[in-house]
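Here is the structure we will look at, set down as structure tokens.
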Amino acid sequence: MFRLFACTLCAVFLAPSSPAAKVASSLVRIQETSQEPNYKAPWNGGEVNGGVGAGFIISGHRIMTNAHVVSNARFLTVSKEGDPKPYPARVLHVAHDCDLALLTVDNADFFKGTMSLDFGGIPAIESTVSVYGYPIGGDRLSVTRGVVSRIDFQPYSHSGVDSHLTIQIDAAINPGNSGGPVLQDGKVIGVAFQGYSGDVAQNVGYMIPTPVIRRFLQDVEDGHYDRYVDLTLSYHPLHNPAMRQSLGLSDGDPGVVVGSVFGGGVSEGVLSPGDVLLKIDGLPIASDGTVSIDGDAVEMAEVVERKFKGDTVNFEILRDRKPLHVTINLTHAWPFTLQANAYNEKPRFVVFGGLVFQPVDANFISEHNPDDLRLRYFFDQFITQSIYRERAEIVVLSSILADPVNAYAAEFRYDIVNKINGQKIDRLDDVATAFKKEADSYVIEMLGQGRPIVLERKEVEEARARILSRYRVLKEENLQK
């Protein structure tokens, strides 16, 4: 068994030809105190933890590191190589979808004697990089070398759902190897960020390459990070000759076929299932979905990866065997974040009559690990089966604070809330609104259940104080992230 993980501590990469003094003067050791949210008792603050990460200084008195190094941080300090004095730091920008962050230090003394590093391009396959870092939270630098072995699209484990360009090296990225720069010929060509654990993949690590880094830096130039834009569609390769012929393509023609177009995304109303995508911004799309950029075959998505909110992308397509030119306006980012890991957010919940209602997301699933098959299906298929068209959120009865007022409700735990007093529950706010309406009783209908939960208002009001006191519930609702 093995899994892809984002490292929790630090490492820094350096080409052998770089002057050691310059590299050392750019390295930063990051000390983090974080607080993880508590999704089982969402009214409580979560566990406080500490960690060490790495970063490096770039232009503008900024420190670049990984987003996962500073996620859920409550307090950050940084120190320089050879200077153990800690300086309070703060986050300028964080991009969880590409695992990058920028910090700064308000005390100008921190930057005295430091040097900023410059960025290079994409390294060649089989070229060598070297590692300067603080593995496993050490206080002193260590050095490791690796060889670039692959340039490819890979999932970014920090968000859990995003995939971007990555560079694989044969130097292991262990827990503790995050946030530092990968250098070659004196320039940064990547940021170390994740690796494999287990017995299957040994000495395999990944770094975030400079196209992703440069895009992040350009995105935040206006003071705000807008996230990656996305075509919000799925497409399938066209290797099968019979299928190609049925769509009006010959064996030598390029192209892929659109599978789904997700409602609420930028492609809705422009592209349709069954459309054949032939070219994107003038680049021929191979039958496996790749295009040639700078001499390398990369995923078609890389064209859009380099664009920003407000840009456009042009397609040459076949629709019903007829050629068309279409333009997609990249007006907003991917709208469905339910399956992405969330950070720096407070759990949302409503407590009523000892029943705890919460929206389901990746954080909720990770902490509760429910075995309810319907709930698992709704979460896993929320996008692919267009469940988002039926409800904006999946709201469940997550916990029961046992009391006579809610006797016999335990069997409904993890059921999806469908209606309350006849009102359709589309999101958590609907639950709060329904319970605030005056009524003698509240009928809570669960999806797929033959009988509802019924709470009498008088009994709920009588039980309120004892439930809050018994379970030390500090507040009864939070509707804001």
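Rule-based calculations on the coordinates, nothing more; no lab input. All values reported here derive from a predicted model rather than from experimental measurement. Counting neighbours? That spans all protein chains shown, and the Cβs are built from the backbone with ideal geometry, glycine included.
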So, with +1 on the Cβ of K and R and -1 on the Cβ of D and E, and no other charges, what is the size of the charge dipole of the chain about its Cα centre, to the nearest 20 debye? 820
What is the magnitude of the charge dipole of segment 367-481 about its Cα centre, with +1 placed on the Cβ of each Lys and Arg, -1 on the Cβ of each Asp and Glu, and no other charges, expressed in debye to the nearest 20? 160
For K307, list the lysines whose Cα falls under 30 Å from its own Cα; do not include residues on the same chain fewer than 8 positions away. K187, K279, K322, K481
Positive dipole terminus of the chain, leading residue within G113, Y206, N240 (C-beta point charges): G113
Only loop residues by DSSP count here, and only those with at most 10 other Cβ atoms within 10 Å; note down the trypsin sites (Lys or Arg not before Pro) in segment 294-382 that meet that. R321
Of Y225, I420, A432, which is farthest towards the positive pole of the chain's charge dipole, taken about the Cα centre with +1 and -1 on the beta-carbons of Lys, Arg and Asp, Glu respectively? A432
Could you rank the peptides 107-114, 37-44 by their average count of other C-beta atoms within 10 Å per residue, with the highest value first? 37-44, 107-114
Considering only DSSP beta bridges whose two residues both sit in the chain, what percent are antiparallel, to the nearest 5? 95
Point-to-point label distance, S441-E268, nm (Cα→Cβ direction, 7 Å offset): 3.9
Using the 10 angstrom Cβ neighbour count as an exposure proxy, how do E345, E459 rank, fewest first? E345, E459
As a test, work out the antiparallel percent of DSSP beta bridges whose residues both lie in segment 197-296, rounded to the nearest 5. 90
Take every DSSP beta bridge with both residues inside segment 268-352 and express the antiparallel ones as a percent of the total, to the nearest 5. 95
When a footprinting reagent is the concern and you count Cβ atoms within 10 Å, what order do S287, S26, S441 take, fewest first? S441, S287, S26
Mind giving me the FRET efficiency for H61 and K307? R0 is 35 Å, r the Cβ-Cβ distance, nearest 0.05 is fine. 0.75
Mind checking which aspartates and glutamates have their Cα closer than 16 Å to the Cα of K80? Skip sequence neighbours fewer than 8 apart in that chain. E32, D106, D109, D139
Aspartates and glutamates whose Cα lies under 16 Å from that of K424, excluding same-chain neighbours fewer than 8 positions away: E390, E393, D415, E445
Here are a few candidate values for volume of the Cα convex hull per residue in Å³: (i) 134; (ii) 142; (iii) 176. Which one was actually calculated from the structure I just gave you? (iii)
Modelled label-to-label distance, Q31 and T77, 7 Å Cα→beta-carbon offset: nm? 0.3
How much length is gained on full extension from R457 to A297, taking 0.36 nm per residue of separation minus their Cα-Cα distance? 51.2 nm
With an 8 Å Cα cut-off and a minimum separation of 6 or more residues, compute the relative contact order for the chain in percent. 13
